[in-house]
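Here's the structure, in C-alpha cells; my notes come after.
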Amino acid sequence: MVTLHIVVGVALLLVSLILMIWNIVRITQKRSGRSFSRLLSTLVDIQVLLGIIAYMLKPLSGIGILHPITMLLVLAVVHTMIRDKRPERTQLIGYILTFVLIVIGVSFVR
C-alpha cells in the first residue's frame, strides 16, 4: 500500500505541475479551455485516502509527521481555490499553491 501511495504521489506531482503550467497559460493569455480541476481534486482525494491507509500501516514520526499535515493543506486548497466557480485569479493562485505545497510535503518524507 505504501508503494501504491508513492506511485500515485509521483503521478500527482506531475499532473499538478502540468495543470499549473496549463492554467497559468490559459488564464494569463485569456484562452478558453478546461481547467481540469476535477481531475486534480479526484487525484488528491485518492492520494489522501491512500495516505491515510499507508499511515495506519506505517506511521510517520519526527519531521515526517509534517508530510500528512502539508498534504491535508493541499486537500483544502484544491477543494476551495481551484474550483471552476472561483475567480480566475483565485484559481491561478490555487494551482500554484497546490504544486508548491506538494513539493514541500514530499520533502518531509524520508
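The values are calculated or read from the model by the stated rules, or taken from the named source; none is laboratory data. Small disclaimer: the values here were computed from a predicted structure and weren't measured. Every residue, glycine among them, receives a Cβ derived from its backbone with ideal geometry; neighbour counts consider all protein chains shown. Keep in mind that these areas ignore ligands, DNA and RNA; they rest on the heavy atoms of the full protein, side chains included. Shrake-Rupley method; radii C 1.70, N 1.55, O 1.52, S 1.80 Å.
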Can you pull out every residue in segment 1-50 that is aliphatic (A, V, I, L, M) and over 22 Å from LEU72 (Cβ atoms)?
ILE18, ILE21, ILE24, VAL25, ILE27
Selected residue [modelled with pLDDT under 95 and among the charged types (D, E, K, R)] from ARG38, ARG83:
ARG83
Scan segment 47-86 residue by residue and report those that are in a helix (DSSP H, G or I) and small (Gly, Ala, Ser).
GLY51, ALA54, GLY62, GLY64, ALA76
Assess whether VAL109 counts as being open to solvent by 70 Å² or more (accessible area, probe 1.4 Å) and closer than 19 Å to ALA11 by Cα.
yes
With (1) closer than 18 Å to GLY94 by Cβ; (2) part of a helix (DSSP H, G or I) as the list, and SER35 as the residue in question, which single condition is left unmet?
(2)
On the given criteria, is ARG89 open to solvent by 80 Å² or more (accessible area, probe 1.4 Å), part of a helix (DSSP H, G or I) and of a type outside the set (S, T, N, Q)?
yes
Would you mind telling me which numbered condition in (1) within 18 Å of ILE93 (Cβ to Cβ); (2) open to solvent by 70 Å² or more (accessible area, probe 1.4 Å); (3) in a helix (DSSP H, G or I) LEU14 fails?
(1)
Hey, can you tell me all the residues within segment 21-44 that are aliphatic (A, V, I, L, M) and either open to solvent by 50 Å² or more (accessible area, probe 1.4 Å) or in contact with a Leu (Cβ under 9 Å, 6 or more places away or on another chain) (or both)?
ILE21, ILE24, ILE27, LEU39, LEU40, LEU43, VAL44
Among residues belonging to segment 45-79 that are open to solvent by less than 80 Å² (accessible area, probe 1.4 Å) and polar (S, T, N, Q), point out the one that is nearest to LEU97 (Cα to Cα).
THR70
